[in-house]
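Step one of this worksheet: look at the structure below.
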Amino acid sequence: MIHHYDLESVSQVESQERYVCYFDGGGEATASSKINAHLGVAIGTETDQFNPILQRSIHLGIKTSNQAEFLAALCGVRIAIQMNIKQLVVKGDSQLVIFGLNGKYKIQNEGLLPIQRAIQNYQQFFDYIDFQFIERKYNTIADGLSRKAK
């Protein structure tokens, strides 16, 4: 269930400043309850977060919309680890993902639990990590990257 979509090489950062990762998952409806899914991830420094140093658009195939959102967050966290980022703020417009990772929501869906657990396990690689909910209108970079992956 855990995919390795983000294994392209990335440049490692030398700075220990705080970075921000915007993520978004989405897709187009299919004949079933699933979607033809894609994700977008943008990572930038906290001081210049709207000028990302890394952008990814990835097509996921057939998934649920919630799987696409969780996989987008997972992809962002994994890329941040590959970049040697030690302080990360993860921002997304999915309440389920953000509040599930913050412990405010209990994730019970068997299709989402392995992804949530993977993200939680990766937290050990950071000196600081925080998950913050943002309104959709503030997530335009990641949304645009997700739509680009169609």
Report task. If a/c stays under 1.5 just call it rounded; otherwise compare a/b with b/c (prolate if a/b is bigger, oblate if not). Do that for region 55-100, with a ≥ b ≥ c from the square roots of the Cα gyration tensor eigenvalues. Result -> oblate
Report task. Name the residues whose placed amide hydrogens come within less than 5 Å of the amide hydrogen of residue 105, ignoring near sequence neighbours (fewer than 5 apart) on the same chain. Result -> 100
Report task. Run through the DSSP bridge list for the chain and note the antiparallel percent, rounded to the nearest 5. Result -> 65
Query raised in the report: Of the lysine pairs in the chain, how many meet both conditions: Cα atoms under 30 Å apart, and a spacing of 8 or more in sequence or different chains?
Result: 26
Query - region 21-150 shape via C-alpha gyration tensor axes, a/c threshold 1.5 - result: oblate
Query - Solvent exposure ordering (accessible area, 1.4 Å, most first) of 59, 38 - result: 59, 38
Query raised in the report: Accessible surface of residue 148 in the full protein assembly, 1.4 angstrom probe, to the nearest 10 Å²?
Result: 150
Report summary line: Distance in Å, no decimals, from the C-alpha centre of region 85-150 to the one of region 50-79 is 9
Query raised in the report: Suppose every K and R has +1 on its Cβ and every D and E has -1 on its Cβ; what is the size of the dipole of the chain about the Cα centre, in Debye to the nearest 20?
Result: 420
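The values are calculated or read from the model by the stated rules, or taken from the named source; none is laboratory data. Owing to the predicted nature of the structure, the values given are computational and were not obtained by experimental measurement. No Cβ is skipped: glycine too gets one built from the backbone with ideal geometry, and neighbour counts run over all protein chains shown. All accessible areas refer to the heavy atoms of the entire protein, side chains included, with ligands and DNA or RNA removed. Shrake-Rupley method; radii C 1.70, N 1.55, O 1.52, S 1.80 Å.
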